[in-house]
1. With respect to E71, is the statement that it is exposed (fewer than 15 other Cβ atoms within 10 Å of the Cβ) and in a loop (DSSP other than H, G, I, E, B) true?
2. List the residue pairs whose Cβ atoms are under 8 Å apart, where the first residue sits in the range 551-569 and is buried (at least 16 other Cβ atoms within 10 Å of the Cβ), the second is of a type in the set (S, T, N, Q) and part of a helix (DSSP H, G or I), and the two are 6 or more positions apart or on different chains.
3. Got at least one residue in the range 415-423 being of a type in the set (S, T, N, Q), at pLDDT below 90, surrounded by fewer than 10 Cβ atoms within 10 Å (Cβ to Cβ) and out of contact with any Cys (no Cβ under 6 Å at 6 or more places or on another chain)?
4. Go through the range 496-528 and give me each residue that's in contact with a strand residue (DSSP E or B) (Cβ under 8 Å, 6 or more places away or on another chain) and over 30 Å from E412 (Cβ atoms).
5. Quick check: anything in the range 45-62 more than 60 Å from the chain's Cα centre (by Cα) and surrounded by 21 or more Cβ atoms within 10 Å (Cβ to Cβ)?
6. Is there a residue in the range 799-816 that is at pLDDT 60 or above, charged (D, E, K, R) and either touching a strand residue (DSSP E or B) at 6+ places or on another chain (Cβ under 7 Å) or over 23 Å from L635 (Cα atoms) (or both)?
7. For S511, only one of the following conditions fails: (1) among the polar types (S, T, N, Q); (2) in contact (Cβ under 8 Å) with a residue 40 or more places away in the chain; (3) buried (at least 17 other Cβ atoms within 10 Å of the Cβ); (4) more than 26 Å from T726 (Cα to Cα). What is its number?
8. Among the residues of the range 239-251, which ones are outside any strand (DSSP E or B) and open to solvent by less than 30 Å² (accessible area, probe 1.4 Å)?
Amino acid sequence: MSLFKARDWWSAVLGEGEEFDQGCLCVGDVDNSGSGHDKIVVGSYMGLLRIFQPHASTPSGENQAEDQLLEVQLRDPIIQVEVGKFVSCSDLLHLAVLHPRKLSVYAITGTAHGGERGARCSVPAQASVRAQPAEDCLQHDLRPIRRSHRAPLHLHPVHGRHADVLRAGELRLRPLPARLLLPGPLSYCARTDTFITVSSTRQVESYKYETLAVATDADTRQDSEQQKKSSGKRLMADWTLVIGEQALDICVPSYSPSASSIFVLGERNLYCLKDNGQIRFMKKLEYNPSCFLPYASVTEGTTNTLLANHNNMLLVYQDVTLKWAAQLSSVPIAVRVANFPELRGVVVTLSGDGHLQCSYMGTDPSFFMAPKVEAREVNYEEVDAELKTLHKVIREATRTQDILPKVDMDEEVTVTATVSASMDAASQAVIPEISGVPVPSVTVKVTVKCRSAVQSPKLTVCVQPPLSVTQEQFVLDSMAPGATSAVEFSAFLNGEYPPADLGGDVAVSYSTPTGVPRVAQCRFSLPLRLVCCPTSTSKNAKYKITIDTNKPPVNLNEVFPDFAEKSEDGNTMAFQLIAGAKVTVLASKTSQRYRIQSETFEDIWLVAKELVQRFDRHFTKQGVKDFRNSFSGPLPLTEYFQAVDHHFELRVSAEKYQDLLSERAVQFRAIQRRLLTRFKDKTPAPLQNLDTLMEGTYRQVIALADAAEENRAALCQAFARLRSATHLLIMLVTLWQGLSAEQTGILEATLLPLLQDTPQLGWEESVDAAVSHLLRTCLSRSSKDQALSLSTSQLSMPKDTARLKKHITLLCDRLGKGGRLSLSSEAHAPVPVIMPGGCEPIAELDQEEPAVEPETVAKFVKKRQPSKKVKTKTDAPAKEPGKESSKESGKESAKDSGKESTKEPAKAKESGKESAKDSGKTAKESGKVTKESTKEAGKTAKESSKESSKDSGKAAKESGKEPGKATAKVARKTSVKVKEKKKEPEAEDG
């Protein structure tokens, strides 16, 4: 039961196929019973007049026959009915019925009938007024007034006159302005004795009754002189108000004669006017209203309004405030409020198709009482176990910040891709051979199986360039539950450079029977034989990497049986990339190492990836569970940065070509305009070599376009090689630090954020932003350096790659020192970074550092750091520091003092003292921040001898030229003196 739904008290359906309008409903004590109870009078366009006295419906919902007091068929259609005192010699209520060409007034009399509720009504005609032949037209509005017995009724015909019905059936016509030709809403204001209407100019107009009477008398007078004087007067409105829309109804409530208000219902607004035409308030409506009725409010100074709309809603407003809303069963075209014997204040509504309803707002009282729940004992052990389970689920949900939803195991559509084990007998490649080597192709079969009905499935295949397929899209037929469909295509190499990834994706988009779009996808991997072939081995190469294992070396012919054709023995194997260089794999006979070498750094990636994967599968088949690959050599950052620089140079060249093309295009159009001006001139003029200049500019534009196209192709190739080098670097870092699958995924998302370069967003700026975020969050050195909020600045192409290479170097350094990659909230806690002896600290991002050159890039080697040394560093103030800590502190102080002396050469002596202070403090507490050590070591520098301060000052002066050597000497001297001072308090204690 909805609270905001009108409660049906009584209802009836009037006839079949009858039509009703706004004036076909009225309520009142039409039979003058004296009880004060209202009856409902309804007229229809079919000429049927009905009178009802409703009573509460029975529980079965059927109305009783006694509810209808009268039903009579009149000759003419009924336009409007009104109840009022229309007879001058009687104070009883009469019923006025308006027909298209006649107005009738009836006296309704009630006759008692057997039974308590039995009553009938009869309709004796009291008066009838017919229109004259010249005025034989449809009359629209009928309003009773209480002015006097002289003019009880007023009409508004369609011929532009105002009609008064006097006693004895006399019909008097008064002229109205031409803008009131069409009949509209008409109402009478008793307080000001005026008629209110809305003209076709969409404005509310008010006319005094006396003004209309004078105009009418002037037309009927016989005196010629008086007629000339009066007929010249123009009928003027008392006041007007422009509302800019047609009015549906006008109502002047009579419950407050002291302060009358005029309500006008427009198509989109509700107006409340004073009797002088000023707006009291206005309410803008967001719906199409159908009818309204103002009535008295319990709050003084306010008016309530019942307003119905075409959304079957009945709204109650107090001035402009919505107080209630109720849902009706139909769209009402007329609404009234009536009092019945069993219920007062009933809302009576009539729809256009004859649905008469008496309802009230609110809800029926509910006598339902909820049963008492039986008390049961609480098992606290079960509650605690359930609470722990819920806490565990909450922790897992907050720890994993997955953006994409998890894949449902029971998929409606299952997609499976199967790659053929052998190459195609007849190659489907577009390019038959590259560098004299035939290009093979391999067949891939995709099977689509559905559990439920699938509509309009479409299959799309995607592979990484320069790989290509014979057909990328397939349109499948709609599938029934349990149906299976299969398609086949061939994949091949379609470029003169090796791909960065041999994987491909298959996506099937479809719609469920309910119209919901869905996507199912799978991934397949193409064989290595597709892009390379076996060849003879070579022992020398420019680039080499070494993979370590924890198991004895295996025969490479067993690991690569499809490439064992030209292998001399099981310790060497060579791969010739069809669009690349030769890659050789060498297995050590004595150790557990495998070397992969090639003349091109990027070409090592595919063979190295295949080697690691085949090793895992080989030892898994043998039942070895503890097999592990590792990488212990230095990271090839120098070679990797060469690929980065090459890609960046091509991006810069692309921008230069774009700018040059724009300039030459502007120049070409300017020359064209000048030539056209010369040719259009009637007097021929010399061209002044404009044609030659135009031809030269055209050739430059064509040459620049060709160069830009070649640069674009080279950029695509460089990006593919950069992706191969990045994949190789990620694999080496994973083997170097033993990263988990989650950490490897984060590293891949950081260094490979794009599948292709675009002019708006390139690889360099994307990777720089991602690496910077990792360095400030999970790889930060302290909690102060964390910046969990992402930068909102727009990414743009950098000027060079120095900053990017520095950040990648920092990333590898932090990972080598025990950093952990994680996107969860717990990973944002600072991870203690162990500084090994002899390693210089890496500066933070906000410090200025020189650009990292490819020749000077440090190569990092994995080393184990014993936990005992860390403890001795933390306990240094209580114990004598060791040699390693003193050396490390000396190098750190030397580096800091060297920086300060370089920045401020005028304060060389002070920087020398600071270096001495720094080294003394770091000997006590190694691992703390340099700023704190310089503040606390001020006393030690004052107590030091003059010779040491002079030596340190000289060393600080020389630190601008050779900061490493000079500051190292100062650090060693100060550390020795600190040791001597630490021994003195121990002797005193002894």
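The values are calculated or read from the model by the stated rules, or taken from the named source; none is laboratory data. Small disclaimer: the values here were computed from a predicted structure and weren't measured. Glycine also receives a Cβ, built like all others from the backbone with ideal geometry; neighbour counts cover every protein chain displayed. Heads up: the accessible areas ignore ligands, DNA and RNA and are worked out on the full protein's heavy atoms, side chains in. Shrake-Rupley method; radii C 1.70, N 1.55, O 1.52, S 1.80 Å.
1. For E71, the condition - exposed (fewer than 15 other Cβ atoms within 10 Å of the Cβ) and in a loop (DSSP other than H, G, I, E, B) - is not met.
2. S567/N557
3. No: zero hits.
4. E496, P498, P499, P527, L528
5. no
6. For the range 799-816, residues at pLDDT 60 or above, charged (D, E, K, R) and either touching a strand residue (DSSP E or B) at 6+ places or on another chain (Cβ under 7 Å) or over 23 Å from L635 (Cα atoms) (or both): present.
7. So S511 meets the others, but not (3).
8. Selection gives I243, E245.
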